[in-house]
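Below: one structure, written as structure tokens.
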Amino acid sequence: MADAAPTRLDRRKARTRAALIHAAQTFIADGRTSAAILDLTQAADVGMGSFYNHFSSKDELFRAAVEDALDRHGAVLDELTRDMTDPAEVFACSFRLTGRLHRRRPQLSKVLLNTGPAIATSAHGIAPRARRDIHAGVRTGRFTVADPELAFVIAAGAALCLGQLLHTEPDRDDTQAADQITEDLLRTFGVPADEAHEISRRPLPDLDRLLPHAVA
């Protein structure tokens, strides 16, 4: 039996929830996580009562906002790497695309950076995908690392530090930086130097095609 079409009330509730999540993402990106619920509802242009129809606390809203940002980012990576079968290429493509998103979607970038190391243990976004690709690389012999989890820690730390560097040094070439770190990671994971260089310089899928669906 097909699901019933959303009612007007359902659509209004969805818009209210989306407005609250977007407001929370803006506050997280600005580092304003100590803001009061009233500040969030005013930024979302919704009533205080509407807040509690969707979230029991500010912390719950912030968690939902981070998960939403991570899920949107993960969906972009999934779409753009869908036809790739080599774990090394998938990992490299995802890392290079993430590096480029810091400049193309600064709010998403700042949400990720202000969330900090917690994203490394999240079940959303790039973390589970990077883990998947590293473990797949080890299983298939593409990567030769003794401990896939430590390899993931190296990659996660590099991703966060790259994002911070690109914000700190706005004149730095984000494309060159992301590609170079990707090459270095591939070499660290056991990919031969010449192949690591070639993989990290391959043409990328059309990032701008899906960016309108990512966090602004």
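The values are calculated or read from the model by the stated rules, or taken from the named source; none is laboratory data. Just so it is clear, the structure is predicted and the values come from calculations on it, not from any experiment. Counting neighbours? That spans all protein chains shown, and the Cβs are built from the backbone with ideal geometry, glycine included. We work out accessible area using only protein heavy atoms, side chains counted, and drop any ligands, DNA or RNA first. Shrake-Rupley method; radii C 1.70, N 1.55, O 1.52, S 1.80 Å.
The number of residues in the stretch 120-143 being closer than 18 Å to Thr81 by Cα and of a type in the set (Gly, Ala, Ser) comes to 5.
On inspection, Asp83 qualifies as within 21 Å of Gly125 (Cα to Cα), open to solvent by 60 Å² or more (accessible area, probe 1.4 Å) and assigned to a loop (DSSP other than H, G, I, E, B). Taken across the stretch 112-129, residues that are crowded, with 17+ Cβ neighbours inside 10 Å, farther than 30 Å from Gly190 by Cα and of a type in the set (D, E, K, R) do not occur at all.
Considering the stretch 86-106, and only residues there that are more than 11 Å from the chain's Cα centre (by Cα) and more than 23 Å from Arg142 (Cα to Cα), the residue that is surrounded by the most Cβ atoms within 10 Å (Cβ to Cβ) turns out to be Arg100. Annotation: of all residues in the stretch 24-72 being touching a residue at least 24 places away in the same chain (Cβ under 8 Å), assigned to a helix (DSSP H, G or I) and small (Gly, Ala, Ser), the one that is surrounded by the most Cβ atoms within 10 Å (Cβ to Cβ) is Ala69.
Can you confirm whether the stretch 193-203 contains a residue that is loosely packed, with under 15 Cβ neighbours inside 10 Å, among the small types (Gly, Ala, Ser) and closer than 20 Å to Val145 by Cα?
We begin by selecting, within the stretch 193-203, every residue loosely packed, with under 15 Cβ neighbours inside 10 Å; these are 193-195, 198, 201-203.
Still in the list and also among the small types (Gly, Ala, Ser): 193.
If we keep only those that are closer than 20 Å to Val145 by Cα as well, we get 193.
So far as the stretch 193-203 goes, yes, one or more of its residues are loosely packed, with under 15 Cβ neighbours inside 10 Å, among the small types (Gly, Ala, Ser) and closer than 20 Å to Val145 by Cα.
Going through (1) free of Cβ contacts under 8 Å to residues at least 12 places away in the same chain; (2) more than 22 Å from Pro205 (Cα to Cα); (3) part of a helix (DSSP H, G or I) one by one, Gly116 falls short only on (1).
The residues of the stretch 86-99 include none that are among the hydroxyl-bearing types (Ser, Thr, Tyr) and part of a loop (DSSP other than H, G, I, E, B). Taking the numbered list (1) crowded, with 17+ Cβ neighbours inside 10 Å; (2) touching a Pro at 6+ places or on another chain (Cβ under 8 Å); (3) touching a residue at least 40 places away in the same chain (Cβ under 8 Å) in turn, Thr140 passes all entries but (1). Against the condition assigned to a helix (DSSP H, G or I), without any contact (Cβ under 8 Å) to a residue 40 or more places away in the chain, in contact with a Leu (Cβ under 7 Å, 6 or more places away or on another chain) and of a type outside the set (Ser, Thr, Tyr), how does Leu20 come out, does it pass? So Leu20 fails the test. All told, His102 falls short of being outside any helix (DSSP H, G or I), on the phi < 0 side of the Ramachandran plot and of a type outside the set (Lys, Arg).
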